[in-house]
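Novice: The structure that follows is given in the form of structure tokens.
The numbers here are math on the coordinates, done by the rules we state, and not lab data. All of these numbers come straight from a predicted model, not from anything done at the bench. Because the Cβ atoms are built from the backbone with ideal geometry, glycine has one as well, and the counts that use them run over all protein chains shown.
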Amino acid sequence: LAATLGAIHLDMPLVTQIGTTMATGGLLGAIVARRIAITDLPQLVAAFHSLVGMAAVLTCISHYITECEHFAHDPAASVVKTALFLGTFIGGITFSGSIIAYAKLQGLMSGSPIILPARHALNGGLALANVGALTYYMMSADPIIGLSMLGITSALSTTMGLTLTVAIGGADMPVVITVLNSYSGWALCAEGFMLNNSLMTIVGALIGSSGAILSYIMCKAMNRSLPNVILGGYGTDSTGTGQAMQITGTHTEVNTEQTVDLIKEASSIIITPGYGLCVAKAQYPIAEMVDILRKHGKSVRFAIHPVAGRMPGQLNVLLAEAGVSYDIVHEMEEINHEFANTDLVLVIGANDTVNSAAEEDPNSIIAGMPVLKVWLSKQVIVMKRSLGVGYAAVDNPIFFKPNTSMLLGDAKKTCDKLLAKLKSDYDDGGSSSGSESSKAH
């Protein structure tokens, strides 16, 4: 907005148009934001990214239509023409890729990777076709040909966004979100070049580079490369070539009363939430339970994996909304060494991020991936719906370890039962910020 307002000469009719447009957009944005639950933020971000991509495509094409006669007579305009093409290309990928990401996150389509036949050849062919369109576009001064090439690259890049994103599984959606954020930044940067707007170029570069850096950090947290994720690859950089180990044994189940007894006996507790907590909206009873435990002298902390949830920082936001104190929420690097000295770990809706196969099985597809080492604690209680695998489709050995017990069921209902039992045993009415949040929601 600042870049646009600073680049034009304002008069009353234009101010009226801009003001009306901004008010309409702001009102729609406010309505959408108020109606969206905080657990649905990843979908909202993906949807907004699709709008950014569409805006980039439309802006680039409309600018070409406006300036095409100038391009035909000014050889120095090649930089602007290139920026127009790149903005259209990146915008098309961002638009369609974001729509697929939204559909996967919202459950409108399967979160599992959809592997197209000869997908790498298909994506390579689409990329080469875009290069051919760029070459023809730059060599021709004919406005009709130029506009046709922009239309072609819009279609090709939109198709490429679809074919790339459908092959990426739900577990990699946090990285997809940050990559799409980076794409939107580079599209904005191209628009800045096109409009000769320094502020827009700088802001676009900041968004693009920060999104790229965050994507790299998250890939590193999974011990995978960015191309491996974007191209829908499987396995980490440390995965062996042999067969994954077969997990045998029986699991131990506990009920609510037994779990509460273990919680009361423990002096130090670490809670490791995952995407299951987000889906079940179990953050409110957890926050109230933590409040009660801390009042009774327990050391309670949270351990957050970098790729837990479906968006960077999603679990941090959920816990903050429920009233959990920021100073007891720790990243994996800060707290991983503490598990060995912890009495009890509560794993709530997490699977792949606490999977010991990453360290114990060199042939596992998640071998070498940094995980939360919950199994090193004295006792582990895993709360999830079933013994099923996570998004990585890898069995989790910790379910069968002698110090692990399973508390199966819906995370929200389970946490509500634990909270009620704790209140009863401690004779605690439970008035806290977490309680108020829980009642409010």
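Novice: In the Gaussian network model of the chain, springs joining C-alpha atoms below 10 Å, which of LEU86, LEU164, LEU122 carries the largest mean-square fluctuation?
Specialist: Answer for the Gaussian network model of the chain: LEU122.
Novice: So what's the angle, to the nearest 10 degrees on a 0 to 90 scale, between helix 12-35 and the longest Cα principal axis of the chain?
Specialist: 20 degrees
Novice: I would also like to ask the following. Under a GNM of the chain (C-alpha, springs under 10 Å), which listed residue has the highest mean-square fluctuation: GLY29, GLY91, GLY124?
Specialist: GLY29
Novice: Working from Cα positions, state the angle (0 to 90°, nearest 10) between the long axis of helix 198-221 and the longest principal axis of the chain.
Specialist: Approximately 40 degrees, to the nearest 10.
Novice: Which whole-number percent gives the relative contact order of the chain, counting Cα pairs below 8 Å spaced six or more residues apart?
Specialist: The value is 15 percent.
Novice: Okay, next question. Rounded, prolate or oblate: which one fits region 256-440, using the alpha carbon gyration tensor with axes a ≥ b ≥ c (rounded when a/c is under 1.5, else prolate when a/b beats b/c, else oblate)?
Specialist: prolate
Novice: Right, here's the next one. Using Cα extents along the principal axes in Å as the read-out, say which of (i) 103, 57, 43; (ii) 107, 57, 49; (iii) 81, 59, 33 was calculated from these coordinates.
Specialist: For Cα extents along the principal axes in Å, the calculated option is (iii).
Novice: If packing is taken as the average count of other Cβ atoms within 10 Å, what order do 179-191, 125-137 fall into, highest mean first?
Specialist: In descending order of packing, they fall as 179-191, 125-137.
Novice: Take the alpha carbon gyration tensor of region 127-218, find the square roots of its eigenvalues, order them as a ≥ b ≥ c, and report rounded if a/c is under 1.5; if not, report prolate when a/b exceeds b/c, else oblate.
Specialist: oblate
Novice: Can you grab the distance from the C-alpha centre of region 41-76 to the C-alpha centre of region 119-161, Å, no decimals?
Specialist: 15 Å
Novice: A further question follows. Tell me what the chain gives for mean residue ellipticity at 222 nm when only DSSP H runs of n ≥ 4 count, each as -39,500 (n - 2.57), the sum divided by the residue total, rounded to 500 deg cm²/dmol.
Specialist: Taken over the chain, the calculation gives -19000 deg cm²/dmol.
Novice: Relative to the longest principal Cα axis of the chain, at what angle does helix 283-295 sit, 0 to 90 degrees, rounded to 10?
Specialist: The helix 283-295 is inclined about 50 degrees to the chain.
Novice: Now, a different point. Sort region 84-146 into rounded, prolate or oblate with this rule: let a ≥ b ≥ c be the square roots of the eigenvalues of the Cα gyration tensor; rounded if a/c is under 1.5, and if a/c is not under 1.5, prolate when a/b is larger than b/c, oblate otherwise.
Specialist: Here region 84-146 falls in the oblate category.
Novice: Given springs between every Cα pair under 10 Å in a Gaussian network model of the chain, which of ILE207, ILE366, ILE145 has the largest fluctuation?
Specialist: Of the options given, ILE145 has the highest mean-square fluctuation.
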